[in-house]
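This report concerns only the one structure given below.
The values are calculated or read from the model by the stated rules, or taken from the named source; none is laboratory data. Note that this is a predicted model, so its numbers are computed, not measured. Here the Cβ positions follow ideal geometry from the backbone for every residue, glycine too, while neighbour counts run over all protein chains shown.
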Amino acid sequence: MLGKLSGWDDTIVALATPPGIGAIGLIRLSGEDAIRIVNELFPSKDLGSQASHTLHVGLLRDGDTMLDEVVVALYKAPRSYTGEDVVEISCHGSPFIQEQVIKACIARGARLARAGEFTQRAFLKGKLDLTQAEAVADLIASNTEASQQTALHNIRGGFSHELQELRDKLISFSALIELELDFATEDVEFADREKFYQLINEAEHTTNRLLQSFRLGNVIKNGVSVAIVGKPNAGKSTLLNTLLNENRAIVSEIAGTTRDTIEELINIDGILFRLIDTAGRREGDDVIEAMGVARSREKMRQAGLVVYLFDCSTESLHELRTQVAELESINKNYLLVGNKVDMMSEAQAVKKFAGMNILLISAKTHYHVDELKQILVHQVLQGELDTESTIITNTRHYAALQEVARSLADIRQGLDSKISGDLLAPDIRRCLHFLGEITGEITNEDRLNYIFSKFCIGK
């Protein structure tokens with residue numbers, strides 16, 4: 001595919017480590033002149049005569065100016081990340097030294113790499129498909145174990161394998177149906193319709209499973225927002241502080257202390273939760289407090305999960321049922337948590353709220369707070385997390401799979417109606433088109449540039 005696109009036959013250079021002062025800075029070059037350029041700066045050895053996948057220690061010089069003592073890593077095409085000749089220079093982590101080395105490389109014919117250009121070249125050289133390339137970006141951006149493992153699964157080709165297997169089978173049937181068209185006057189049937197039915201069933205099952213995984217994938221990749229709502233002095237800020245294990249929110253006995261929403265991130269069992277402490281829900285004449293309550297309601301509507309926190313000692317069963325009715329009316333995923341169980345016996349609280357599915361805690365004494373964390377994870381994941389199975393985390397993949405599902409439905413309808421192969425063929429081609437879009441077998445330069453522009457420079 002590389003040869004079909006222009007501007008990919010030069011040599012690029014970029015800093016592959018984060019900018020700023022550090023122990024080591026890594027400068028990466030890729031392209032047909034990468035070895036020649038570094039060779040001119042590295043008089044210690046003739047890199048062109050060295051074996052691939054070797055390290056070389058020596059001085060880096062720009063003419064008579066010594067730049068640094070470095071380690072040069074050599075990866076010769078096609079056995080490299082990009083499929084091209086790649087040289088990596090490990091120098092000391094001074095921004096000044098890094099700048100001088102990059103300038104010296106540019107002076108000898110390299111150019112600064114664009115964002116994601118190394119990975120884009122790897123894709124164009126067939127080292128990665130598009131789903132694997134995007135998984136590289138996801139891995140770099142991962143901030144939980146779940147997102148890390150999901151990205152690694154896709155880098156290893158888990159998602160690609162499922163799609164490729166499906167696409168190969170569809171291509172085979174498509175070819176047979178196209179062949180039937182060439183012999184239309186002979187009234188022959190090359191494609192077994194019964195086997196085609198089975199294939200469509202399998203394809204629909206796979207596609208629907210992948211589409212359903214997107215909700216979970218979105219949670220893994222972006223986390224889930226949890227709005228902690230309740231009346232003033234229910235203990236919302238105390239619960240936030242307890243979950244975070246720090247005094248993030250101001251706590252007092254004065255009702256309405258929290259006037260605005262407070263948001264903090266917490267990692268529980270590999271899932272990122274965005275906890276939102278909201279203003280206590282009550283009516284009053286205080287304009288500022290009223291604005292806080294209005295904002296709380298908005299956060300509640302936007303949240304993926306609502307924790308309704310109430311004081312066991314003051315909340316009535318009728319009040320709790322009213323709150324439940326409100327949450328169910330807006331179709332919210334919610335959790336009822338009774339706080340301050342230390343102020344009354346747990347047996348009394350259970351009897352008081354009999355028939356209600358609630359968790360009794362004490363945010364102040366940390367009683368059952370660990371259980372609350374586990375329930376939060378279960379409520380979000382519903383036992384679905386398996387990072388060894390394919391989970392869709394990319395919106396582009398989700399949109400393309402929706403088109404695949406529509407195409408498969410049209411194919412099935414056509415088979416049910418016993419329409420001819422010439423009418424089935426366009427739906428099959430459309431299905432193959434969207435499958436190819438996901439893996440990058442069908443794409444265009446503008447779309448590729450957009451996808452890889454979201455990568456970091458040097459990768």
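For the stretch 96-106, indicate whether the set of residues that are surrounded by 18 or more Cβ atoms within 10 Å (Cβ to Cβ), among the small types (Gly, Ala, Ser) and under 33 Å from the mean Cα position of the chain (by Cα) is non-empty. Within the stretch 96-106, none of the residues are surrounded by 18 or more Cβ atoms within 10 Å (Cβ to Cβ), among the small types (Gly, Ala, Ser) and under 33 Å from the mean Cα position of the chain (by Cα). Scanning the stretch 425-432 for residues that are under 29 Å from ASN267 (Cα atoms) and outside the structural domain of ASN233 (by TED's automatic domain parsing) turns up nothing.
Of all the listed residues (ILE21, ILE27, ILE12), the sole one being touching a Gly at 6+ places or on another chain (Cβ under 7 Å) and under 17 Å from ARG121 (Cβ atoms) is ILE12.
Residue-level analysis places CYS456 outside the set of residues that are within 29 Å of the chain's Cα centre (by Cα), in the same structural domain as ALA175 (by TED's automatic domain parsing) and not hydroxyl-bearing (Ser, Thr, Tyr). Would you check if there is a residue in the stretch 297-304 being in a loop (DSSP other than H, G, I, E, B) and at pLDDT below 85? Yes, that holds for at least one residue.
Residues that are among the aromatic types (Phe, Trp, Tyr), buried (at least 16 other Cβ atoms within 10 Å of the Cβ) and at pLDDT 80 or above number at least 1 in the following strands (runs of 3 or more DSSP E) confined to the stretch 206-292: 271-277. Restricting the stretch 43-66 to residues that are among the aliphatic types (A, V, I, L, M) and within 40 Å of the chain's Cα centre (by Cα), which is farthest from LEU26 (Cα to Cα)? By that ranking, first place goes to ALA51. The test for being crowded, with 22+ Cβ neighbours inside 10 Å and touching a residue at least 40 places away in the same chain (Cβ under 8 Å) does not hold for THR17.
Of all the numbered requirements in (1) surrounded by 15 or more Cβ atoms within 10 Å (Cβ to Cβ); (2) of a type outside the set (S, T, N, Q); (3) without any contact (Cβ under 8 Å) to a residue 40 or more places away in the chain; (4) under 29 Å from GLY158 (Cα atoms), ALA399 misses one, and that requirement is (1).
Could you please give the count of residues in the stretch 156-204 that are part of a helix (DSSP H, G or I), modelled with pLDDT under 60 and either touching a Leu at 6+ places or on another chain (Cβ under 9 Å) or small (Gly, Ala, Ser) (or both)? Here the count works out to 1. Got a sec? Which of ILE442, ILE438 is under 26 Å from TYR81 (Cβ atoms), more than 21 Å from the chain's Cα centre (by Cα) and either buried (at least 18 other Cβ atoms within 10 Å of the Cβ) or of a type in the set (A, V, I, L, M, F, W, C) (or both)? Going through ILE442, ILE438 in turn, the sole match is ILE442. Here THR82 meets each of (1) of a type in the set (S, T, N, Q); (2) under 18 Å from ILE12 (Cα atoms); (3) over 39 Å from the mean Cα position of the chain (by Cα) with one exception, condition (3).
Considering only residues in the stretch 411-459 that are of a type in the set (Gly, Ala, Ser) and at pLDDT below 85, the one that is farthest from LEU29 (Cα to Cα) turns out to be SER417.
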